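First up is the structure itself, then whatever we jot down about it.
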Amino acid sequence: MYEDVGVEREWVPRTWVGRLVAGGKIKSLEEILRRGIPIQEPEIVDILVPGIKEEVVEVIRVQRQTDAGELTQLRVVAAVGDGMNYVGVGKGKGKEFNIALADAVRNAKLNLIKVRKGCGSWECGCGRPHSIAATVTGASGSVRVTLLPAPRKLGIVGNETAKIVLGLGGLQDVRVFSKGHTRNRMNYAFALHDALRNLLVMNLPQDWRG
């Protein structure tokens, strides 16, 4: 927690999980996620996943009516990840880009999930964790995406949003099919994140290749 915007201060944990992380008693993010404990402080991610990257997915200007008149803000959608195991998507608003981006990145860190990787492609069968282990779907708003395992070196077959989100999660080869209002990059990014979250709870055969 920082008291003043733009002034860097020492983090003072507000939650018991944050205090355990700050005290060095929790040393991995996986330990938190495995127990189903929600991340409520982005600093937890900063400590446990050093070098996390962030990418802007979308920046648009939004307006809403208030008692004082029409208020114009920027809405930023961002994705964060370590490029290996974790990815999150978040949105933020602000009168200035830097404020909206910081809000989006913060929320993306709070939505961080572990990516369940494998080699579920019948065309490959290498057994390495370069793709996903099974076909999975996700949705957000009117957008519905389906992620399919792909053979090695195919790459991410999808649009730029898919390459950003899946790439930050460490996936190298995935086929992406989508339907709905797919030009809505915010819903598209959240649909991808929803699919990866659904993959975590799928019951797969004992011999699944991952």
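Please treat every number below as a calculation from the coordinates, not as lab data. These figures come from a predicted structure and were not determined experimentally. For neighbour counting, all protein chains shown are included, and Cβ atoms are generated from backbone atoms with ideal geometry for every residue, glycine included.
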Of segment 153-170, those with amide N under 20 Å from the point 7 Å along the Cα→Cβ vector of Met202 are 153-159, 162-170
Among Ser140, Ser28, rank each residue by its count of other Cβ atoms within 10 Å, from fewest to most, as a rough exposure measure.
Ser28, Ser140
Using only alpha carbon pairs under 8 Å that are at least six residues apart, calculate the relative contact order of segment 143-210 and give it in whole percent.
40
Note the per residue figure in Å³ for the convex hull of the C-alpha positions in segment 121-161.
80
Cross-link partners among lysines for Lys95, C-alpha distance below 26 Å, same-chain residues fewer than 8 apart left out?
Lys53, Lys109
Give the relative contact order (percent, whole number) for segment 1-110; include only Cα pairs under 8 Å separated by 6+ residues.
18
If I build a Gaussian network model for the chain, linking alpha-carbon pairs within less than 10 angstrom, which residue out of Gln172, Gln40, Gln73 has the largest mean-square fluctuation?
Gln73
Here the net charge surrounding Ala100, from other residues whose Cβ is less than 12 Å away from its Cβ (Lys, Arg +1; Asp, Glu -1), is +3
To test your reading of the geometry: what angle, between 0 and 90 degrees and rounded to tens, separates the Cα axis of helix 185-200 from the longest principal axis of the chain?
50
So if R0 is 35 Å, what FRET efficiency would Ala139 and Thr72 give, r being the distance between their Cβ atoms, rounded to the nearest 0.05?
0.75
Taking every other residue with Cβ under 9 Å from the Cβ of Leu200 and scoring Lys and Arg +1, Asp and Glu -1, one gets +3
Normalised by the residues of the chain, what does the relative contact order come to in percent, with Cα pairs under 8 Å and at least six apart?
17
For Phe190, Phe97, which order do you get if you count the other beta carbons within 10 Å of each Cβ and list the fewest first?
Phe97, Phe190
Projected-area mean, the chain, by convex hull of Cα positions, square nanometres:
13.5
Cleavage-rule hits, trypsin sites (Lys or Arg not before Pro), segment 73-138, DSSP coil, Cβ neighbours within 10 Å at most 14
Lys95
Mean ellipticity per residue at 222 nm, deg cm²/dmol - from DSSP H runs of n ≥ 4 across the chain, formula -39500 (n - 2.57):
-8000 deg cm²/dmol
Arranged by the count of other C-beta atoms within 10 angstrom, fewest first, what order do His181, His130, His193 take?
His181, His130, His193
